[in-house]
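Trainee: Before we start, here is the structure in question, set down as structure tokens.
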Amino acid sequence: MITSAIQQIVNTDRAELKNFFSEVDKLHKTDEAVTAKIANNPALAKALTNPNLTPTQKQQLATELVSSVMVELGYTQAVDVTLVADSQDNRKGHYGEDNNIYLNDANLNNTKDLATTLGHETSHAIDNQDPSINTNPQNNASKADNEIYAQNYGDDFSDYVEFASENYGDGSLADTNNNNLGNTPAEIQRNQKLVDNNNQDYAKVDKSKGEDFLFITATAAAAAYAAFVGDGDPVDGLETIGQGNDPLTKVIGQGAQAAIELSYEHFPKATENTLDLIAKVGTQVGNGLDVTVKYIDDKTGNVASAKWNKLDKATQDQIRGGGRILSVIVPAGSVRAIARLKNLKKTNNSIYKKLDTYLLDKTHKANKGKADFFKKVLGFDRSNINKLAKQIKFNPKTAMQKSTNQYGTKYEQIIKIKGNNGRIVDAKFIWIKNKDGVIKLVTGYPAK
């Protein structure tokens, strides 16, 4: 939660350092509400693991989650959730001016996808109900900032749902969406009628007056397209494109001319972030990025271009410091390198989250002495979590594959951990590689 709050402050202009504690409190209450709802509602817990939910069941599931969060955060106005199925609309979700959250089942791949979209639109609903409208942070933020903020909140929201389902519910979230209408002719008819009526209502909504999640337009310029795919952040858009989850994938596959160009004028923060990513990719996923930077040559005043990694650091600093960058061009192969780096980032995030909310939390009902092991044997607790987290790295050479199921592949790995007290102890860590290729930490305990 602390990391997520910092991310909102760093990545958007709507949250400042003074908002740190309120952001942490907001995320904490969201987590508590989601966890309590799942832990105390067996039917909901079971539904989260079921890929064959009907539209009626999905709509009810989403409504219960949103209502629990809104109540916990102190908002009293009810938010209706409406499930539609429109394959011609590339939105995953939309928050309308009618205070309705619309979820487009045609574009939701699984329950995690549904939860992320639901969380995103819930963020817009929260903004809309801010009682202090004159001080509402969204009023002074750009649309892009509000979308990035909502995306971050949506990611956290779905992480909380996933963790609660795995630890307090019936297990992992369903990794598919079978778009099931029912098991009997009567049930199918009822659900089809529900969807048809919802689609008619959705068609009447003025989408220009609401907020979309992942609105994709194939005619957008490359940089703008990446920003839309990334929900306001072109760097995240590159990840989505790199994973092959967008309409440009086929074009990218046809050749290097399908590069993504980030304009510094329109996306200064994202362009700077991309340059920062380049050095990291070089050490973490192979040979680095083949990225070209366009800039104003200081001597001639003309537009010049160069491979960023071919420039020495002094020249790089001079170009960046002088504000002379025009754009960064990322070819298709490098887009995929960014995607691999993003997966690594997700793995690292899972390590910190698992340590903070489970392994080092002695109050967790499923902890069973793990926090005592890390504290008493190795001297680790939340105050020095970084020292422990940096030692926990998935190594495909030493990790042993144990089993595979519908949720992914499970691995066990022995890692020598040097304690804060100097002791060196073997610890066993359990990982799971999800169907999307992301490796996440599940648990850890003494190896002997």
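Trainee: Restricting the first residue to the range 12-34 and requiring it to be under 13 Å from GLY74 (Cα atoms), which pairs with a second residue that is at pLDDT 85 or above and not hydrophobic (A, V, I, L, M, F, W, C) meet a Cβ separation below 6 Å and a spacing of at least six or different chains?
Mentor: As it stands, the answer is LYS29/GLU72; ALA33/SER68; ALA33/GLU72, since those pairs meet every condition given.
Trainee: From the list ASN384, ASN395, which residue is part of a loop (DSSP other than H, G, I, E, B) and either assigned by TED's automatic domain parsing to the domain that holds ASP436 or surrounded by 14 or more Cβ atoms within 10 Å (Cβ to Cβ) (or both)?
Mentor: Numbers: ASN384 fails: part of a loop (DSSP other than H, G, I, E, B).
Result: ASN395 is the single residue among ASN384, ASN395 that is part of a loop (DSSP other than H, G, I, E, B) and either assigned by TED's automatic domain parsing to the domain that holds ASP436 or surrounded by 14 or more Cβ atoms within 10 Å (Cβ to Cβ) (or both).
Trainee: For residues that are assigned to a helix (DSSP H, G or I) and out of contact with any helix residue (DSSP H, G or I) (no Cβ under 6 Å at 6 or more places or on another chain), scanning just the range 25-43, find the one that is modelled with the lowest pLDDT.
Mentor: To start, the set of residues in the range 25-43 that are assigned to a helix (DSSP H, G or I) comprises 25-39, 42-43.
Keeping just the survivors that are out of contact with any helix residue (DSSP H, G or I) (no Cβ under 6 Å at 6 or more places or on another chain) gives 25-26, 28, 32, 36, 42-43.
On the way: ASP25: 77, LYS26: 84, HIS28: 84, GLU32: 90, ALA36: 93, PRO42: 94, ALA43: 94.
Per the criteria, the residue is ASP25.
Trainee: Restricting the first residue to the range 94-105 and requiring it to be free of Cβ contacts under 8 Å to residues at least 24 places away in the same chain, which pairs with a second residue that is of a type in the set (Asp, Glu) meet a Cβ separation below 8 Å and a spacing of at least six or different chains?
Mentor: ASN104/ASP86; ASN104/ASP89
Trainee: Would the range 433-440 turn up any residue that is in a strand (DSSP E or B), under 27 Å from ASN110 (Cα atoms), among the hydrophobic types (A, V, I, L, M, F, W, C) and at pLDDT below 95? I'd like the intermediate steps shown before the answer.
Mentor: Applying the first criterion (in a strand (DSSP E or B)) to the range 433-440 yields 433-434, 439-440.
From the residues that got through so far, the ones that are under 27 Å from ASN110 (Cα atoms) too are 433-434, 439-440.
This time we only want the ones that are among the hydrophobic types (A, V, I, L, M, F, W, C), so: 439.
Filter once more, so that each one left must be at pLDDT below 95: 439.
The answer is yes; a qualifying residue exists.
Trainee: Hey, could you check the range 266-319 for residues that are closer than 30 Å to ASN395 by Cβ and of a type in the set (Val, Ile, Thr) and say which is modelled with the lowest pLDDT?
Mentor: In this case the residue turns out to be VAL285.
Trainee: Among (1) closer than 21 Å to ASP89 by Cα; (2) touching a Lys or Arg at 6+ places or on another chain (Cβ under 8 Å); (3) modelled with pLDDT of 90 or more, where does LEU214 come up short?
Mentor: Answer for LEU214: the failing condition is (3).
Trainee: Give the residues of the range 394-410 that are in contact with a Ser or Thr (Cβ under 9 Å, 6 or more places away or on another chain) and closer than 19 Å to LYS354 by Cβ, sorted by residue number.
Mentor: PHE394, LYS402, TYR407, GLY408, THR409, LYS410
Trainee: Which condition number in (1) within 25 Å of LEU378 (Cα to Cα); (2) surrounded by 12 or more Cβ atoms within 10 Å (Cβ to Cβ); (3) free of Cβ contacts under 8 Å to residues at least 60 places away in the same chain is the one that THR409 fails?
Mentor: Result: THR409 fails condition (1) only.
Trainee: Restricting the search to the range 166-198, which residues are free of Cβ contacts under 8 Å to residues at least 12 places away in the same chain and under 30 Å from LYS365 (Cβ atoms)?
Mentor: Looking only at the range 166-198, we keep the residues that are free of Cβ contacts under 8 Å to residues at least 12 places away in the same chain, and these are 166, 183-186, 188-189, 192-193, 196-197.
Scanning the range 166-198 gives a single hit, GLU166.
Trainee: Further question: From LEU83, LEU61, LEU48, which residue is buried (at least 22 other Cβ atoms within 10 Å of the Cβ), modelled with pLDDT of 95 or more and under 19 Å from the mean Cα position of the chain (by Cα)? I'd like the intermediate steps shown before the answer.
Mentor: Numbers: LEU83 fails: under 19 Å from the mean Cα position of the chain (by Cα); LEU61 fails: under 19 Å from the mean Cα position of the chain (by Cα).
Going through LEU83, LEU61, LEU48 in turn, just one is buried (at least 22 other Cβ atoms within 10 Å of the Cβ), modelled with pLDDT of 95 or more and under 19 Å from the mean Cα position of the chain (by Cα): LEU48.
Trainee: Mind counting the residues in the range 424-438 that are farther than 14 Å from LYS402 by Cβ and hydrophobic (A, V, I, L, M, F, W, C)?
Mentor: Of the range 424-438, the ones farther than 14 Å from LYS402 by Cβ are 424-427, 434-438.
Then keep just the ones that are hydrophobic (A, V, I, L, M, F, W, C); that gives 424-425, 427, 438.
The number of residues fulfilling the criteria is 4.
Trainee: Turning to a different aspect of this structure: Would you check which residues across the range 54-78 are among the hydrophobic types (A, V, I, L, M, F, W, C) and in contact with a helix residue (DSSP H, G or I) (Cβ under 6 Å, 6 or more places away or on another chain) and list them? First the steps, then the outcome.
Mentor: Filtering the range 54-78 for residues among the hydrophobic types (A, V, I, L, M, F, W, C) gives 61-62, 65-66, 69-71, 73, 78.
If the condition is that a residue be among the hydrophobic types (A, V, I, L, M, F, W, C) and in contact with a helix residue (DSSP H, G or I) (Cβ under 6 Å, 6 or more places away or on another chain), then LEU61, ALA62, VAL66, VAL69, LEU73 are the ones that fit.
Trainee: Within the range 147-178, take every residue that is of a type in the set (D, E, K, R) and under 15 Å from the mean Cα position of the chain (by Cα) and give me the one that is farthest from LEU27 (Cα to Cα).
Mentor: GLU147
Trainee: Output the number of the condition that ASP113 fails; it satisfies all remaining conditions of (1) in contact (Cβ under 8 Å) with a residue 24 or more places away in the chain; (2) touching a helix residue (DSSP H, G or I) at 6+ places or on another chain (Cβ under 7 Å).
Mentor: Result: ASP113 fails condition (2) only.
Trainee: Can you pull out every residue in the range 354-370 that is under 20 Å from ALA39 (Cβ atoms), assigned to a helix (DSSP H, G or I) and either of a type outside the set (Lys, Arg) or assigned by TED's automatic domain parsing to the domain that holds GLU162 (or both)?
Mentor: Hits for the range 354-370 are ASP356, THR357, TYR358, LEU359.
The values are calculated or read from the model by the stated rules, or taken from the named source; none is laboratory data. The structure displayed is predicted, hence computed values, not measured ones. Because the Cβ atoms are built from the backbone with ideal geometry, glycine has one as well, and the counts that use them run over all protein chains shown.
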